[in-house]
């Protein structure tokens, strides 16, 4: 393959192992040596490309790297050619791994500056499992220990990075932070989840749209309730204000990555917590919970549920159809007594936890994110019963 600045990538061998050999022109040896140095510092992570060896010969520098069968761009744009990889490809898992790799780089104060589908590689399968790997450290910037930002050497069309994947601050020539990678990652999330679309449109208008903060995420609507969380996360990652973007830890903690079981447990815990709150006068979280209730549950949430469910709900009078808290209570009670439900109701509502959660989120797509926002914005996230939802379980 071919890279920038006359770089060529060959397949080779190193100590009996198949490797990718990157050949760089001598004029760029200082750049390349720095790339190797950064690789050596950072490759101790399952989602960063592995570096094996370097050698200088004639006017070239050769770098031996982990050999990969495909890039993210290959999997998304040519699934028929990379059928084995595409069939097993899990977009959410892939994005979580790329984010974990980037978190590792950022913890070492390395800003990648060229996150894009071609630079995310898919490893060979080991025990049937493939990993996503961040590669191409040619544009990386290592910050000093006390440094959080740096001035780019060029800006506008000449700025480092790839057209259409550069944050607005790069194009303006502002001071740059790790946040430039988060912006590009937001574009990469959208690209991966929509099979190759870009939030800023076609490649000829992208940079202009980036400068005008004009992006569209409507293709995510096809993902149903999953799309609601994805839209929330990606719109934050594409914030024109670098400081407002989430860091890699906040991205990994976002509900977009939660399993159905975790989401359902969270809604139950939230319901339990709201139930023991004082109603007269109402505690602040309860006020926040019912603010904008119409957008979450409509005029009366009973009307969105089937008769079979309502009849099984029993004492109808206990529930206020306008209140988010009462919908949560209905969900919680049904979850609690799931085993006692008649079989035909179980079949209708769906299996635990996936089907059961989807029964509610399909009818109330804004419910989960609304409750999550209430818990995190009112300080409940610091309480012991919620703390685990807002901390990363390091594997």
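At-a-glance table
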read-out: Any strands (runs of 3 or more DSSP E) falling wholly within the stretch 38-123 and containing at least 3 residues that are surrounded by 18 or more Cβ atoms within 10 Å (Cβ to Cβ) and at pLDDT below 95; value: 60-66
read-out: Matching residues in the stretch 173-215 - criterion: being without any contact (Cβ under 8 Å) to a residue 24 or more places away in the chain and in a helix (DSSP H, G or I); value: 208, 209
read-out: Test: residue 312 is at negative phi and in contact with a helix residue (DSSP H, G or I) (Cβ under 6 Å, 6 or more places away or on another chain); value: yes
read-out: Pairs with Cβ under 8 Å, 6+ apart, first in the stretch 103-117 and on the phi > 0 side of the Ramachandran plot and in the same structural domain as residue 145 (by TED's automatic domain parsing), second modelled with pLDDT of 95 or more and in a helix (DSSP H, G or I); value: 113/180; 113/181
read-out: Residue identified as assigned by TED's automatic domain parsing to the domain that holds residue 89 and within 19 Å of residue 47 (Cβ to Cβ) among 161, 138; value: 138
read-out: Unique residue being surrounded by 17 or more Cβ atoms within 10 Å (Cβ to Cβ) and either modelled with pLDDT of 95 or more or part of a helix (DSSP H, G or I) (or both) when the list is 229, 221; value: 229
read-out: Looking only at the stretch 238-252, and only at residues there that are surrounded by fewer than 19 Cβ atoms within 10 Å (Cβ to Cβ) and either at pLDDT below 95 or in a helix (DSSP H, G or I) (or both), the one that is farthest from the chain's Cα centre (by Cα); value: 243
read-out: Whichever residue in the stretch 365-395 is more than 17 Å from the chain's Cα centre (by Cα) and in a loop (DSSP other than H, G, I, E, B) and, among such residues, is modelled with the lowest pLDDT; value: 395
read-out: Failed item, numbered, when residue 145 is tested on (1) in contact (Cβ under 8 Å) with a residue 60 or more places away in the chain; (2) surrounded by fewer than 16 Cβ atoms within 10 Å (Cβ to Cβ); value: (1)
read-out: Qualifying residues in the stretch 16-37 (those that are surrounded by fewer than 18 Cβ atoms within 10 Å (Cβ to Cβ) and modelled with pLDDT of 85 or more) - the one nearest to residue 113 (Cα to Cα); value: 23
read-out: Close pairs from the stretch 216-243: first on the phi > 0 side of the Ramachandran plot, partner modelled with pLDDT under 95 and surrounded by 15 or more Cβ atoms within 10 Å (Cβ to Cβ), Cβ under 9 Å, at least 6 apart; value: 224/358; 224/361; 224/365
read-out: Residue among 189, 215 that is buried (at least 19 other Cβ atoms within 10 Å of the Cβ) and under 22 Å from residue 71 (Cβ atoms); value: 189
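The values are calculated or read from the model by the stated rules, or taken from the named source; none is laboratory data. Computed from a predicted structure; not experimentally measured. Counting neighbours? That spans all protein chains shown, and the Cβs are built from the backbone with ideal geometry, glycine included.
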